[in-house]
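Student: If you scroll down you'll find the structure; I have some questions about it.
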DNA sequence: ATCGCGACCTGGTTGC
DNA sequence: TGCAACCAGGTCGCGA
């Protein structure tokens, strides 16, 4: 699943390989990925044909490609969802099994085209009117911890006012973006904090430490991802796993904790799985529950 | 404002 | 063997 580091690798690839190109034609092979576009599939194609890509930007896991004017123009807004890929391919390369949208381009090196491939179609594309600087559709998405303008102190303060479980807060894109289920579990493991601790029950130092670990995990993944992709092949592998060897908690149910050797546990949380070490990340006590029994 | 849950998707795996 | 049920999870929209 693409998390922030993978999305950043895709952004950098798009910046290198499609910025400057003009869209000659758009072929929408499946309606679902353009469901958020007001004009539907035909409108999506019509709105983009003939326009020039002038940038590749990102906030959290959203990507956008400003069109015509990098300050005041419209933009192609994209999210990879769980299985989305942006591929820059030779025009004669065979269609991928889950190819959804094809962008014919002029002005790329080697005559390549841009393809949106997405098996599960949680991802999507739309045209954001006037969205070159920041698409209004994603104005509610917070900055990510790798963003130089991310406000550490404000995040820590907000985290500590909330009653929700801290893992839920890490996944709340209005507080901090780019953290998915995998890296949330990793950051919590590194910090020695159980994901079900309420935000308001964290000390300031714990919140600061947790944020630092979230940032470190993403930086490490970005450092690996940045060197593991071919420069001409903009890619996010939906099955990825190039960072798997560095994971301490996620997906390791029953395996010994790398710090204390106790078996990693898996529990259901938010209709997902959470992985944690029961010793390093003790389950928070619930005074009310204890009293009720 | 905040909280928490269900829906949206496909395909690989598991269970009967 | 065949088929159904389950699981993965980012985001949105809704009711409370």
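Student: Condition first: within 24 Å of the chain's Cα centre (by Cα) and over 20 Å from residue A:135 (Cα atoms). Now tell me which residues in the stretch A:30-47 satisfy that.
Tutor: Once the filter is applied, which keeps residues that are within 24 Å of the chain's Cα centre (by Cα) and over 20 Å from residue A:135 (Cα atoms), the stretch A:30-47 yields A:30, A:31, A:32.
Student: Can I ask one more? Residue A:46: surrounded by 14 or more Cβ atoms within 10 Å (Cβ to Cβ) and not in a strand (DSSP E or B), yes or no?
Tutor: So residue A:46 does not fit the description; no.
Student: Quick one: in the stretch A:167-209, which of the residues that are assigned to a loop (DSSP other than H, G, I, E, B) and away from DNA strand B (no atom under 14 Å from the Cβ) is farthest from residue A:247 (Cα to Cα)?
Tutor: Selected residue: A:203.
Student: Can you name every residue in the stretch A:101-113 that is crowded, with 16+ Cβ neighbours inside 10 Å, touching a strand residue (DSSP E or B) at 6+ places or on another chain (Cβ under 6 Å) and modelled with pLDDT under 95?
Tutor: A:112, A:113
Student: Quick one: which residue in A:126, A:177 is buried (at least 18 other Cβ atoms within 10 Å of the Cβ), within 20 Å of the chain's Cα centre (by Cα) and not assigned by TED's automatic domain parsing to the domain that holds residue A:214?
Tutor: On inspection, the qualifying residue turns out to be A:126.
Student: Something else about it: Which count do you get for residues in the stretch A:66-81 that are in contact with a helix residue (DSSP H, G or I) (Cβ under 9 Å, 6 or more places away or on another chain) and farther than 22 Å from residue A:101 by Cα?
Tutor: 0
Student: For residue A:166, state whether it is within 16 Å of DNA strand C (Cβ to nearest atom) and surrounded by 18 or more Cβ atoms within 10 Å (Cβ to Cβ).
Tutor: yes
Student: I'd like the full set of residues that are closer than 21 Å to residue A:196 by Cα and part of a helix (DSSP H, G or I), limited to the stretch A:123-166.
Tutor: Within the stretch A:123-166, A:155, A:156, A:157, A:158, A:159, A:166 qualify.
Student: Working only within the stretch A:75-95, note down all residues that are part of a loop (DSSP other than H, G, I, E, B) and either under 22 Å from the mean Cα position of the chain (by Cα) or outside the structural domain of residue A:110 (by TED's automatic domain parsing) (or both).
Tutor: Matches in the stretch A:75-95: A:80, A:81, A:82, A:83.
The values are calculated or read from the model by the stated rules, or taken from the named source; none is laboratory data. Keep in mind that what you see is a predicted model, and the values were worked out from it rather than measured. Cβ atoms come from the backbone with ideal geometry, glycine included; neighbour counts cover every protein chain shown.
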